[in-house]
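Step one of this worksheet: look at the structure below.
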Amino acid sequence: MTEKSSMQSDYESFLHAACDRLGYSKSTLSLLSLAALEIKVEIPIIRDNGELAVFSGYRVQHQNVRGPCKGGLRYHPKVDIDEVRGLASLMTMKTALADIPLGGGKGGIRCNPRELSRRELEVLTRKFVKRIHREIGPNSDIMAPDVGTNAQVMGWIHSEYSAIYGHSPAAVTGKPLALGGSAGRDKATGHGIGIVVKTYAERYGTPLEGATVALQGFGNVGFHAAKALCDLGMKIVAVSDARSAVYHEDGVDIAALAKQKSERGLLADVDGYEALDPGAELEVECDYLVPAALDGVITKENAPRIKAGVIVEGANGPVTSEADVLLHERGITVVPDILANSGGVIVSYFEWAQNLQREVWPLKRVDDELERILTNAARHVFDHAAQAKLDLRSAAFDIAVRRVKEALDASGI
Ligand code: GLU
């Protein structure tokens, strides 16, 4: 194991263990460790103040044997090739676990989107597409929102790509509804977390009514997860965003917090709620902990202080591989990212399919199909974990890695 955990080294350690359990060769392991294609581009833009700024952009295509590469585009100051590589690999496993006909990819631009104007973001996004358009598209690599991007950014990608190739809505998902986006895509990741938690509770016979939740992250995923978990009768006792965190043992009011955040940009300073230091929400007493912000937040340092019984990985890679071992020893269950947050890419698959067929599905169809696919995937993981006496991440990896290997074998690689 490396000195410091990283997205890619964590992925490799989970993959290595799966290949060992499945009896796969070293060459299969290295094939699944490596990305098929890695792109790095430098993107110059003129800032609003007239100055030149240059941003690094990345797109990594990990695997396309089960279908075109699929995965988000992240705008964040910490984006680098290692992170994008690790995230792209996880997408291969996520689409395989959900058993949807897509592969894995991921992209990112190293920038702070909060410090860029709307015009600057649009120019940056369009220039990125101009640089990489030959490598992306409905049959090769399909982008979607991730940390720091949203439907608007996908709209610009759609517009720029379509200007070159003609109207091509299936080239990108998570688009605005007006441009062929799917009903239910916006809430899909958070909504999916609710479906996975419900399926988990049914399987393990744990009541959800009144069960307490600590939630890290109040962006698209965190907000919709909070709503879905409240709908299941759960009580959100702690919530944080990048700069603030609040706590109340009787539960916080999600709608009031969302209003406060949109008006003032901060969660703290709500009367009657205790303000926590950012990061402290991970360590509060609760039944479920949902880290739904960034990777690498539960480490070997804070893992011994986690008090939750179950961790549900809303973000990608929030638990490092070292922390994973410690949590397992302490009897804390981790519901892995490739299952827990796969609602987003599953509805992206529906959006892609609708665009290819020139269809528009009603929300009910999207929600029902999501529930069916995600419940099946979750039950499959729980069954395999019980049968093979594995933790849930190992079970999920085994199912996903086996599916990718079967496809490689069938394609003659
Ligand atoms: N960025 C999301 C993820 O990490 C969604 C990817 C997609 O919809 O393609 O799963």
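The values are calculated or read from the model by the stated rules, or taken from the named source; none is laboratory data. Remember, it's a predicted structure, so these values are computed and weren't measured experimentally. Cβ: placed from backbone, ideal geometry, glycine included. Neighbour counts: every protein chain shown. Areas reflect the complete protein model, heavy atoms only, side chains present, ligands, DNA and RNA absent. Shrake-Rupley method; radii C 1.70, N 1.55, O 1.52, S 1.80 Å.
What is the pair-distance distribution P(r) of the chain, computed from all Cα-Cα distances in 10 Å bins starting at 0, with each bin given as a whole percent?
Once binned at 10 Å, the Cα pair distances of the chain give 5, 23, 34, 27, 10, 1, 0.
Taking only the Cα atoms of region 56-178, how large is their convex hull per residue, in Å³? If you can, show how the numbers build up before the last one.
On the way: hull volume 11.7 nm³, N = 123.
Spelled out: Cα convex hull of region 56-178, divided by residues, is 95 Å³.
May I ask you to evaluate 6.51 cos²θ - 1.76 cosθ + 1.60, the Karplus curve with θ = phi - 60°, for each residue of region 150-159 and list the ³J(HN,Hα) values in order in whole Hz, giving x for glycine and proline?
Residue by residue, region 150-159 yields 7, 4, 4, 4, 5, x, 5, 4, 4, 5 Hz.
Within the accessible area of region 1-101, what % is carbon and sulfur when the probe is 1.4 Å and the other protein chains stay in place?
Working: 2270 of 4260 Å².
Of the solvent-accessible surface of region 1-101, carbon and sulfur hold 53 percent.
How much accessible area per residue does the chain have, in Å², with a 1.4 Å probe?
Normalised by residue count, the accessible surface of the chain is 41 Å².
Any chance you could list the semi-axes, whole Å, largest first, of the equivalent ellipsoid that the Cα gyration tensor gives for region 52-101, using √(5λ)? Present the calculation step by step, with values, prior to reporting the outcome.
Numbers: eigenvalues 124, 20, 14 Å².
For region 52-101, the semi-axes come out at 25, 10, 8 Å.
Cα-Cα pairs above 19 Å in region 116-184: how many percent? Walk me through the numbers on the way to the answer.
On the way: 566 of 2346 pairs.
Value for region 116-184: 24 percent of Cα pairs lie more than 19 Å apart.
For region 198-212, in order, what is each residue's ³J(HN,Hα) by Karplus, 6.51 cos²θ - 1.76 cosθ + 1.60 with θ = phi - 60°, in whole Hz (x at glycine and Pro)?
Karplus-based 3J(HN,Hα) across region 198-212 equals 4, 5, 4, 5, 5, 5, 9, x, 9, x, 9, 4, x, 5, 8 Hz.
To check my understanding: the extent here is largest minus smallest coordinate of the Cα atoms along each principal axis. What are those three numbers for region 1-51, in Å, largest first?
Computed over the Cα atoms, the extents are 58, 25, 13 Å.
Order the peptides 397-408, 281-292, 257-268 from the highest to the lowest mean number of other Cβ atoms within 10 Å of their residues.
Values: 397-408: 20.7, 281-292: 23.7, 257-268: 15.1.
Averaged packing, sorted descending, gives the order 281-292, 397-408, 257-268.
Excluding Gly222 itself, calculate the net charge of residues whose Cβ lies under 13 Å from the Cβ of Gly222, where each Lys or Arg counts +1 and each Asp or Glu counts -1. Could you put the intermediate results ahead of the total?
On the way: positive: Lys187, Lys227, Lys261; negative: Asp241, Glu281, Glu313.
Net of charged neighbours comes to 0.
Can you pull the three principal axis extents for the Cα set of region 269-413, in Å, largest first?
50, 41, 25
Using DSSP, restrict attention to beta bridges with both residues in region 239-381 and report what percent are antiparallel, rounded to the nearest 5. The partial results should precede the final answer.
Working: 5 of 11 bridges.
So the antiparallel bridges in region 239-381 amount to around 45 percent.
What translational D, rounded to a whole number of µm²/s, comes out for region 225-291 from Stokes-Einstein when the hydrodynamic radius is the Kirkwood one over Cα pairs, at 37 °C and 0.692 mPa s? Show your work: numbers first, answer last.
Details: Rh = 12.0 Å.
For these conditions, the coefficient is 273 µm²/s.
Give the lysines reachable from Lys227 as a straight Cα distance under 25 Å; neighbours fewer than 8 places away on the same chain don't count.
Lys94, Lys175, Lys187, Lys198, Lys235, Lys259, Lys261, Lys307, Lys364
When the gyration tensor of region 260-327 is built from Cα positions, what are the square roots of 5 times its three eigenvalues, in whole Å, from largest to smallest?
Values: eigenvalues 122, 37, 20 Å².
Equivalent ellipsoid of region 260-327: 25, 14, 10 Å, largest first.
Take region 175-307, drop everything but the C-alpha atoms, weight them equally and run the Debye formula without solvent; then report log10 I(q)/I(0) at 0.19 Å⁻¹ to two decimals.
-1.10
Please report, in cubic angstrom per residue, the volume enclosed by the convex hull of the alpha-carbon atoms of region 26-82.
Details: hull volume 5.6 nm³, N = 57.
Taking the convex hull of the Cα positions in region 26-82, it is 98 Å³ per residue.
Given a 1.4 angstrom probe, I'd like the percentage of the accessible area of region 275-382 that is carbon and sulfur, rounded to a whole number.
Numbers: 2080 of 4080 Å².
So the carbon and sulfur contribution to the accessible surface is 51 percent.
Provide the packing ranking of 60-70, 373-383, i.e. peptides ordered by the mean count of other C-beta atoms within 10 Å per residue, highest first.
Numbers: 60-70: 24.5, 373-383: 19.9.
Put in order of decreasing packing, that is 60-70, 373-383.
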